[in-house]
1. Starting from region 54-71, take each residue that is buried (at least 20 other Cβ atoms within 10 Å of the Cβ) and list its partners that are charged (D, E, K, R), counting only C-beta distances under 6 angstrom and pairs at least six apart or across chains.
2. When you go through (1) modelled with pLDDT under 95; (2) out of contact with any helix residue (DSSP H, G or I) (no Cβ under 6 Å at 6 or more places or on another chain); (3) part of a loop (DSSP other than H, G, I, E, B) one by one for Glu46, which number turns out not to apply?
3. Can you tell me which residue among Gly19, Gly79 is within 21 Å of Phe152 (Cβ to Cβ) and under 14 Å from the mean Cα position of the chain (by Cα)?
4. Among residues belonging to region 5-53 that are farther than 20 Å from Trp126 by Cα and of a type in the set (Lys, Arg), point out the one that is surrounded by the most Cβ atoms within 10 Å (Cβ to Cβ).
5. Can you pull out the residues in region 26-43 that are touching a helix residue (DSSP H, G or I) at 6+ places or on another chain (Cβ under 9 Å) and in a helix (DSSP H, G or I)?
6. On the basis of being β-branched (Val, Ile, Thr), surrounded by 15 or more Cβ atoms within 10 Å (Cβ to Cβ), modelled with pLDDT of 95 or more and not in a helix (DSSP H, G or I), does Val74 make the cut?
7. If I ask for residues that are acidic (Asp, Glu) and not in a strand (DSSP E or B), which ones from region 128-165 would you list?
8. Could you tell me whether Glu132 is surrounded by fewer than 18 Cβ atoms within 10 Å (Cβ to Cβ) and at pLDDT 95 or above?
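The values are calculated or read from the model by the stated rules, or taken from the named source; none is laboratory data. All values reported here derive from a predicted model rather than from experimental measurement. Cβ placement follows ideal geometry from the backbone for every residue including glycine, while neighbour counts extend to all protein chains displayed.
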Amino acid sequence: MTPLAVFVGPMASGKTKVGRRVARDLGVGFVDTDRTIVADHGPIAEIFARDGEPRFRELERAAVVSALQTDGVVSLGGGAVLDPATRADLATQRVVLLTVTPQVVARRLALQAGKRPLVADGVAQWERIFAERRPLYDEVATATFDTSVGDFDSIAREVAAWLTT
């Protein structure tokens, strides 16, 4: 089995929301690796506080390996592309990169306060992390969609149309 599409991108770009809608529109399953980790190991912020980022990345890699064995739509956490093995695995996938502007992400992060340990200090930290990871996202991406304008449903329709052409 291989996923129909894998979503990557920075935190709060809409990978879960768009990915879930694409899966629904195409009638396939959906796996979010961050949600898998939370279900199996507890909240991500707690994992970071208790065990540190290296342990979280180990758990994330295991979740990615498992998710890539499915045939639906997969959403990866923002930092999953940091792992060279994950990037190698993505080389054979249809990878959708979702981007978003700092202005829009600031609003989204405000709604998720406390849930994103790497951006506890706000949008400036998000911008730095996105700038660092952007080359990795671009390396693995097959197509890029911006989620700054429009609603998640219309963006999902655009992605679904791309996947089915």
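1. Within 6 Å, the pairs are Leu68/Asp89.
2. It is condition (3) that Glu46 fails.
3. So the residue among Gly19, Gly79 that is within 21 Å of Phe152 (Cβ to Cβ) and under 14 Å from the mean Cα position of the chain (by Cα) is Gly19.
4. Going through the qualifying residues, I end up with Arg21.
5. Leu26, Thr33, Asp34, Arg35, Thr36, Ile37, Val38, Asp40, His41
6. In short, yes.
7. Answer for region 128-165, where residues must be acidic (Asp, Glu) and not in a strand (DSSP E or B): Glu132, Asp138, Glu139, Asp151, Asp153, Glu158.
8. yes
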